[in-house]
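Below is one structure, written out as structure tokens; comments come after it.
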Amino acid sequence: MLQRVQTIWLFLASTAIFCLFLFPYLQVYNSDGSFRAVKITGVQESVGGQIVQSESFLTLTIVSVIIALIPLITIFLFKNRKLQIKLCYLSIAAILGFSFWLVQTAKQVLGPITLQSENYGLGVILPSLSVFFIVLALRGIRKDEKLIKSADRLR
């Protein structure tokens, strides 16, 4: 049944990962007024007042699309709740690994820069938010599973 609450949570989890395309997860402002923003698509820099993409992260982009599609696919497996639960756990593990990969990529690109709180963009919290939504979806799926089991016992 698509009208269950876990559908909303899984959709929001997928949307949060897709929002990584819009928002940078790190941005460093230099003293001369230029900046570097690290997104999942690559590194964007301001050169002469224009924003230029200096590096491209093709594999990171492809993996983020795959990770964002897993919760969307999970929505349509509502008849197989055990598979839904497994895919939710797979999504959480994939997002955690993806977050680690984002951190390592940022360290590699930015080098030995000391980051402060103003350097973090909105993209930093989006993977954590996605994991939170998936956990809420898991709660809903488990409630459905318990309801079905109790209805089967009554028959």
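Using a Gaussian network model of the chain whose springs link C-alpha atoms within less than 10 Å, name the residue from 125, 17, 113 with the highest mean-square fluctuation. Looking only at 125, 17, 113, the largest GNM fluctuation is found for 113. Note on residue 80 and residue 23: their simple-model spin labels are 3.4 nm apart, each label 7 Å out from Cα toward Cβ.
Compared with the direct C-alpha span, the chain from residue 151 to residue 120 gains 6.3 nm at full extension, assuming 0.36 nm per residue.
Peptide packing for 46-57, 82-93, 64-75 was compared via the average number of neighbouring C-beta atoms within 10 Å per residue; ordered from the highest value, the list is 64-75, 82-93, 46-57. Relative contact order of the chain: 35 percent, from C-alpha pairs under 8 Å at least 6 residues apart in sequence.
Residue separation of residue 90 and residue 56 scaled by 0.36 nm, minus their Cα-Cα distance, works out to 9.6 nm of gained length. Any idea what log10 I(q)/I(0) is at q = 0.11, 0.19, 0.20 Å⁻¹ for the chain, Debye with uniform C-alpha scatterers and no solvent? The Cα Debye sum returns log10 ratios of -0.51, -1.06, -1.14. With R₀ set to 30 Å, the beta-carbon distance separating residue 11 from residue 104 gives a calculated FRET efficiency near 0.55. Result for the chain in a Gaussian network model with C-alpha springs under 10 Å: among 135, 43, 63, the largest mean-square fluctuation is at 63. Counting Lys and Arg as +1 and Asp and Glu as -1 over every other residue whose Cβ lies under 9 Å from the Cβ of residue 27, the net charge comes to 0.
Coordinate-derived values only; no laboratory data. Quick caveat: nothing in here was measured; it's all calculated off a predicted structure. Glycine gets a Cβ as well: all are built from the backbone with ideal geometry, and neighbour counts include every protein chain shown.
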